[in-house]
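Notes follow the structure.
The values are calculated or read from the model by the stated rules, or taken from the named source; none is laboratory data. As the structure is a prediction and not an experimental result, all values here were calculated from the model. Every residue, glycine as well, gets a Cβ built from its backbone with ideal geometry; the counts of neighbours run over all protein chains shown. In case anyone asks, the SASA skips ligands and DNA or RNA and just uses the protein heavy atoms, side chains included. Shrake-Rupley method; radii C 1.70, N 1.55, O 1.52, S 1.80 Å.
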Amino acid sequence: MGGMSEQDVVRELQHLRRQINHHNSRYHQYDAPEIPDADYDRLLSRLEALEAQHPELISADSPTQRVGDKPLSTFVQVQHELPMMSLAKVFSEQELLDFEKRVQKRLDSDAAIHYSCEPKIDGIAVSLLYENGLLIRGATRGDGLSGEDITHNVRTVRDIPLSLPTQEECGLALPSRLEVRGEIYLSRSGFARVNADARKKGDAKVFVNPRNAAAGTLRQLDPQVAATRPLRMFVYSTGIVSDDIPWPGSLSEIFLNLRRWGFQVNPEQARVRGFRACLDYCQALLAKRAELDYEIDGAVIKVDDLRLQQELGSNARTPRWAMAYKFPAEEMSTVVRDVEFQVGRTGTITPVARLEPVFVGGVTVSNATLHNMAEIARLGLHIGDRVIVRRAGDVIPKIVSVITQTDNSLIDEEPGAKDSRNSELQAIKMPANCPACHSPVEKDGDILYRCSGDLICPAQRKESLRHFCTRSAMDIEGLGEKLIEQLVDQNMLHDVADIYALSKQQLLTLERMGDKSADNLLTAIEKSKTTTLARFLYALGIREVGEATALALATHFGSLEAIMQADEAAMLQVSDIGPVVAAHLLAFFANADNLQVMARLRAAGVHWTEHQAMQQSSALQGQVYVLTGTLQLMTRDEAKARLQALGAKVSGSVSTKTDCVVAGPGAGSKLDKAEELGIKVIDEEQFLRLLQELE
Ligand code: IVH
């Protein structure tokens, strides 16, 4: 570096910064890096070294300066030059229709209007101020008139350009002052990562949802914290804009400009004509909600033409040209009526909250699993508590927090009702005896409890029977929970082998069982006798032996006899089997009752063709596969197990180490990345053919 002229240094600095910004955006915005991380790190180190030698040449927009700020001691209030308004909300299509009518009436026109339709991002509203192309201030919305200066944190967000390209660089003139507004958010996957990291570090505090995590992060005084959290930003409007350049006449044209300046405009944003199209947009967006990697709480419909916006004007706090159409909330408050204890197939006792029914995430929820006693302690939950229930995407509902007296902003509390929570509410205790069979409950490890009744416990028996009949196990169509319940209660079924001894006469004594259904059920039972070793093993319900492990065992050993004879050392040879699973397997096969049930099943005619043990099981040895999109011909677990049985590794992300990507419908960024890196991509049918050839 010593021998470089100042001009050379400046040129190299500019070149490095441009390259780094480019790779940053490939990585963070498109999820499609062009160079390996190591090369990126080298560029950044070179830039850091050069800047260390020439501190006078460090610019505020250098990629090294994202986390440059020292922690603040307090937040500074900033005044918004134009107030940041909020949106009026509607909850039904009818109300949305009324909005359109009002718009047309005010404009005194019945011509079809163009609207900009956008997702309503559930994040934190932020204003970014650029002067002569440089980001000089980031602020929260606050009360709309003034917010807090969060420039130090905003600078760590990779979606936010620290400087904007000049007219020479992007062909667009830049106003000398430009305020851009939008929503900072944490993606669902980013949120999962933040909480997983916190748990790994032993942090007691995990965030309850992505929005809280984003808000908590922006409220940090130290930008180092924000820098470790993958915050993102979608922009949705501009605020103050100097009038030194011509400005577009519509919102959708502004979005085009914002994209060229390097901002993230939501890819779901659409300009549509007429109101019917707005309704269609809302429906389509709602249907897509669970697939998006970020949370939305509705759609925003805005009149696209800025002149019309002007003409429509605003009410006190909300513009008349825009409306939020709210989707069903993914979090709601309700009351825990009771906590019951459910006994699982292997005896684990799980607390389940019975809730006052509540409409959340689009369905009515009246139960939520509490996982274990440690979760109850973490929540500080008592029976009678008011809680927040969350059901986001397709996931099972869960209780995220207890509403205590201090956050009574959320509920109407009777005056003077203080302290009622702790004195009147009932604590939740693990029962000493199993609720189904009254056998003593035993502690299993640090947090789990288990019923000691094993096969005498009807709850465990019902669950084992249910599991045995499921699609991925013996696949007995028609033998579901209700029927099993009846059969067990009437002593017709004791264990899984009894299924094959059921007679038509017996079935006909059951409630709502006609001649035809009895025949159908017997046919389904008969059909299930022809199975595979892997399904049979999985159906037995051995602890910790899921579909993938069962398949690995079947492929490795080839026959049930070989598995039953295997000792621990032999079990540990199987990929994915560790000492715990091996111990469960050995215990299962050492139990005389289990051996008898297996013998009876085989005597009843349950059979399979033997696997060719180990043969060709290394055809894909060392190869790395990635599965993406939806598979229709098999489950993801099965695909994974079959690949592993052939010696392949299955990875969750595409990199230069990937050998092949199996892409089903709906494949997204992983497929793009594979194509970018020139990695082989096959569809599910090709994949199936490959498996059939190799297995
Ligand atoms: S436009 C004058 N567009 O919703 C209109 N807002 O109650 C200003 N939000 O505080 C807002 N996504 O934080 C707009 N695509 C979107 C939005 C959006 C989320 C938030 C924003 C605002 C609140 C409105």
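The set of residues in the range 442-465 being farther than 23 Å from residue 376 by Cα and charged (D, E, K, R) consists of 454, 461, 462, 463. Which ones in the range 196-228 are under 20 Å from the mean Cα position of the chain (by Cα) and touching a residue at least 60 places away in the same chain (Cβ under 8 Å)? 208, 209, 210, 211, 214, 215, 217 - these are the residues of the range 196-228 that are under 20 Å from the mean Cα position of the chain (by Cα) and touching a residue at least 60 places away in the same chain (Cβ under 8 Å). Scanning the range 62-81 for residues that are loosely packed, with under 14 Cβ neighbours inside 10 Å and either more than 28 Å from residue 25 (Cβ to Cβ) or among the charged types (D, E, K, R) (or both) gives 70, 73, 74, 76, 77, 79, 81. Flag: residue 211 matches the condition of being open to solvent by 50 Å² or more (accessible area, probe 1.4 Å) and either outside any strand (DSSP E or B) or modelled with pLDDT of 95 or more (or both).
Quick check: anything in the range 411-421 open to solvent by 80 Å² or more (accessible area, probe 1.4 Å), outside any loop (DSSP other than H, G, I, E, B) and modelled with pLDDT under 95? Scanning the range 411-421, I find no residue that is open to solvent by 80 Å² or more (accessible area, probe 1.4 Å), outside any loop (DSSP other than H, G, I, E, B) and modelled with pLDDT under 95, so the answer is no. Restricting the range 154-163 to residues that are more than 16 Å from the ligand (Cβ to nearest atom) and of a type outside the set (Ser, Thr, Tyr) leaves a set whose member that is most open to solvent (accessible area, probe 1.4 Å) is 158. Scanning the range 505-549 for residues that are within 30 Å of residue 587 (Cβ to Cβ) and basic (Lys, Arg) yields a count of 3.
In the set 59, 116, only one residue is assigned to a loop (DSSP other than H, G, I, E, B) and either away from the ligand (no atom under 14 Å from the Cβ) or open to solvent by less than 50 Å² (accessible area, probe 1.4 Å) (or both); that residue is 59.
Within the range 598-617, restricting attention to residues that are at pLDDT 95 or above and of a type in the set (A, V, I, L, M, F, W, C), the residue that is nearest to residue 693 (Cα to Cα) is 606. In the range 266-299, of all residues being within 16 Å of the chain's Cα centre (by Cα), within 13 Å of the ligand (Cβ to nearest atom) and charged (D, E, K, R), the one that is surrounded by the most Cβ atoms within 10 Å (Cβ to Cβ) corresponds to 295. A single entry from 587, 641 fulfils the requirement of being open to solvent by less than 80 Å² (accessible area, probe 1.4 Å), touching a Leu at 6+ places or on another chain (Cβ under 6 Å), hydrophobic (A, V, I, L, M, F, W, C) and part of a helix (DSSP H, G or I): 641. Looking at the structure I just gave you, is residue 57 of a type outside the set (Val, Ile, Thr), under 30 Å from residue 244 (Cα atoms) and modelled with pLDDT under 95? Spelling it out, residue 57 is indeed of a type outside the set (Val, Ile, Thr), under 30 Å from residue 244 (Cα atoms) and modelled with pLDDT under 95. Return yes or no: is residue 570 touching a His at 6+ places or on another chain (Cβ under 8 Å) and part of a helix (DSSP H, G or I)? Taking the combined requirement at face value, the residue does not satisfy it.
Would you be able to tell me the number of residues in the range 239-249 that are within 15 Å of the ligand (Cβ to nearest atom) and either over 20 Å from residue 84 (Cα atoms) or open to solvent by less than 30 Å² (accessible area, probe 1.4 Å) (or both)? The qualifying residues number 1.
Contact map, the range 308-319: residues that are within 12 Å of the ligand (Cβ to nearest atom) paired with residues that are in a helix (DSSP H, G or I) and open to solvent by 100 Å² or more (accessible area, probe 1.4 Å), Cβ distance under 7 Å, separation 6+ or inter-chain. Pairs shown: 312/106. Does residue 86 count as open to solvent by less than 40 Å² (accessible area, probe 1.4 Å) and either within 20 Å of residue 163 (Cβ to Cβ) or at pLDDT below 90 (or both)? No.
Taking the criterion of being within 26 Å of residue 555 (Cα to Cα), assigned to a helix (DSSP H, G or I) and open to solvent by 40 Å² or more (accessible area, probe 1.4 Å), the only residue of the range 644-676 that qualifies is 644. Kindly indicate whether any position in the range 300-315 is of a type outside the set (Lys, Arg), surrounded by 16 or more Cβ atoms within 10 Å (Cβ to Cβ) and modelled with pLDDT under 95. No, because not a single residue in the range 300-315 is of a type outside the set (Lys, Arg), surrounded by 16 or more Cβ atoms within 10 Å (Cβ to Cβ) and modelled with pLDDT under 95. Summed over the range 175-206, residues that are hydrophobic (A, V, I, L, M, F, W, C), open to solvent by 40 Å² or more (accessible area, probe 1.4 Å) and in a loop (DSSP other than H, G, I, E, B) total 1. Here is the figure for the range 81-96: residues that are away from the ligand (no atom under 16 Å from the Cβ) and touching a strand residue (DSSP E or B) at 6+ places or on another chain (Cβ under 9 Å) total 2. No other residue among 515, 567 is loosely packed, with under 15 Cβ neighbours inside 10 Å, out of contact with any Phe, Trp or Tyr (no Cβ under 9 Å at 6 or more places or on another chain) and within 26 Å of residue 454 (Cβ to Cβ) apart from 567.
So that you can scan it fast, the table gives a plain yes or no per residue for (1) at pLDDT 95 or above; (2) β-branched (Val, Ile, Thr); (3) in contact with a Pro (Cβ under 8 Å, 6 or more places away or on another chain):
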site: 331; (1), (2), (3): no, no, no
site: 341; (1), (2), (3): yes, no, yes
site: 366; (1), (2), (3): yes, no, yes
site: 371; (1), (2), (3): no, no, yes
site: 390; (1), (2), (3): no, no, yes
site: 395; (1), (2), (3): no, yes, no
site: 402; (1), (2), (3): no, yes, no
site: 433; (1), (2), (3): yes, no, yes
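The set of residues in the range 250-262 that are hydrophobic (A, V, I, L, M, F, W, C) and more than 13 Å from the ligand (Cβ to nearest atom) comprises 256, 261. With respect to residue 166, is the statement that it is more than 16 Å from the ligand (Cβ to nearest atom), among the β-branched types (Val, Ile, Thr) and within 21 Å of residue 247 (Cα to Cα) true? When the stated conditions are applied, residue 166 passes them. Identify the residue in the range 119-146 that is away from the ligand (no atom under 14 Å from the Cβ) and hydrophobic (A, V, I, L, M, F, W, C) and, among all such residues, is nearest to residue 296 (Cα to Cα). Only one residue fits best here, namely 129. Only residues that are open to solvent by 10 Å² or more (accessible area, probe 1.4 Å) and either at pLDDT 95 or above or touching a Phe, Trp or Tyr at 6+ places or on another chain (Cβ under 9 Å) (or both) were counted across the range 549-560, and they come to 2.
Within the range 130-153, the set of residues being free of Cβ contacts under 8 Å to residues at least 60 places away in the same chain and open to solvent by less than 40 Å² (accessible area, probe 1.4 Å) comprises 130, 133, 138. Counting the residues of the range 127-161 that are in a strand (DSSP E or B) and hydrophobic (A, V, I, L, M, F, W, C) gives 6. In the set (1) within 16 Å of the ligand (Cβ to nearest atom); (2) surrounded by fewer than 18 Cβ atoms within 10 Å (Cβ to Cβ); (3) assigned to a strand (DSSP E or B), the condition left unmet by residue 324 is number (2).
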